[in-house]
Amino acid sequence: MRRRNLLQTIVALAAAHAVTAKAQAVMRLIVPTAAGSGADAVARALAHELIVAGRLTVVENIVGAAGVIGTSKLAQSTKDGRVLGLISANHTVNPIVLGKVPFDPINDVTPVVLIGAIALVLVVSPRLKVRTFAEFVEWSRSNKGAGTEGYTPGTVIHLASAVMKDAAGIAATTVPYKSSGQMVTDLLAGQIDFSLLPLPAVVSSVQAGQLVPLAVTTRQRVDALPEVPAWGELGLKAETVDAWMMVAGPGALAPSVVVDRRREFETALQAAELQKTLAMQGVVPMSVGPNELKELMRRDMLRNARLADKLKIQAP
């Protein structure tokens, strides 16, 4: 009996030591967008679940240059798995539209786990008096490109908007912004007419009737705005531009570290509360396996280069 109790005590102490050691190995999660953004909300929800599981996690917002500054910091971080970050589809648009970035977008990051694709929402000011995408197209054509559109240069918003306008046969007078928050402010004030924005940035304004949603860029409708049609329902002959989001580490991260971190994040992503948060942020699943993430990035970069050349997409 004493021997059994001794063994149980040893096992319990070993488990407690493992949990303590895990907690002491603080993990930083770099978010290359501002606090309050959709990516930030997802990162903080992930960090909460990781902390619950025993991994002390700190979210660090490093903003600027459409995410380039934060991702550069990630690429330069130590390769021990203690510094990871969120990267998005912006990662494969930045080098194409903004020009040279201070890191190799493929080799200087290591994908860990895909979170999903976040919905971008086409929203218009209520003063336009349009309620459907078809009415919006008619309004745009009647204004002959004089309608004003807010956008963030070098991002997936920039790319997706250009694809949408080309497929719909419309034009606009574009106004560059540094952040989604600034665009929402000016939309609400009537300074610009419309914009394509991440769902988290506009959902409260939409629900309050202050902005009118016309479409989401995801392949299916999203729970947060179930009445708003998805990209494929609009009848446009346009490529779907997925605004994906993933957790990544610096380049050449050891496979064993990737596996360990992936396991932690996959467990966190299965938590019911996090699933609810993702749904409300307009994040939908993507059928891309963990070993296909590098290829996803490569394919997107090739496609983005082709679209940027075809549509003459460039930074102002």
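Observations
- Shape call, region 159-199: gyration tensor on alpha carbons, a/c limit 1.5: prolate
- Each Lys or Arg adds one and each Asp or Glu takes one away; over the other residues whose Cβ falls under 14 Å from the Cβ of residue 293, this sums to 0.
- Taking 42, 288, 123 as the candidate residues, the one with maximal mean-square fluctuation in a Gaussian network model of the chain, Cα springs under 10 Å, is 288.
- Over region 120-234, relative contact order from alpha-carbon pairs under 8 Å, at least 6 apart, %: 37
- When you restrict to C-alpha pairs under 8 Å that are six or more residues apart and normalise by the size of the chain, the relative contact order lands at 26 percent.
- Cross-link reach is defined here as a Cα-Cα straight distance under 14 Å, omitting same-chain residues fewer than 8 places apart; for residue 129 the aspartates and glutamates meeting it are 138, 193.
- Phi angles of region 101-112 translate, via the Karplus equation with coefficients 6.51, -1.76, 1.60 and θ = phi - 60°, into HN-Hα couplings of 10, x, 7, 7, x, 9, 8, 8, 9, 10, x, 10 Hz per residue; Gly and Pro are given as x.
- Applying a threshold of 18 Å to the alpha-carbon distances of 237/310; 165/237; 165/294 flags 165/294 as lying beyond it.
- Against the main long axis of the alpha-carbon atoms of the chain, helix 2-24 sits at an angle near 30°.
- Listed residues 134, 172, 201, most fluctuating in the chain (Gaussian network, C-alpha, under 10 Å): 134
- Global form of region 214-316, assessed from the alpha-carbon gyration tensor, a/c cut-off 1.5: oblate
- Ellipticity estimate at 222 nm from DSSP helix runs (n ≥ 4, -39,500 (n - 2.57)) divided over the chain, nearest 500: -13000 deg cm²/dmol
- Region 120-234: C-alpha gyration tensor shape, a/c 1.5 cut-off, then a/b vs b/c: rounded
- Springs join every pair of Cα atoms under 10 Å in this Gaussian network model of the chain, and among 231, 139, 244 the largest mean-square fluctuation is at 139.
- Between region 57-134 and region 292-314, the alpha-carbon center distance in angstrom: 14
Bear in mind these aren't lab numbers, they're just calculated from the coordinates by the rules spelled out. Since this is a predicted model, take the numbers as computed values, not measurements. All Cβ positions, even for glycine, are placed from backbone atoms using ideal geometry, and neighbour counts span all protein chains on display.
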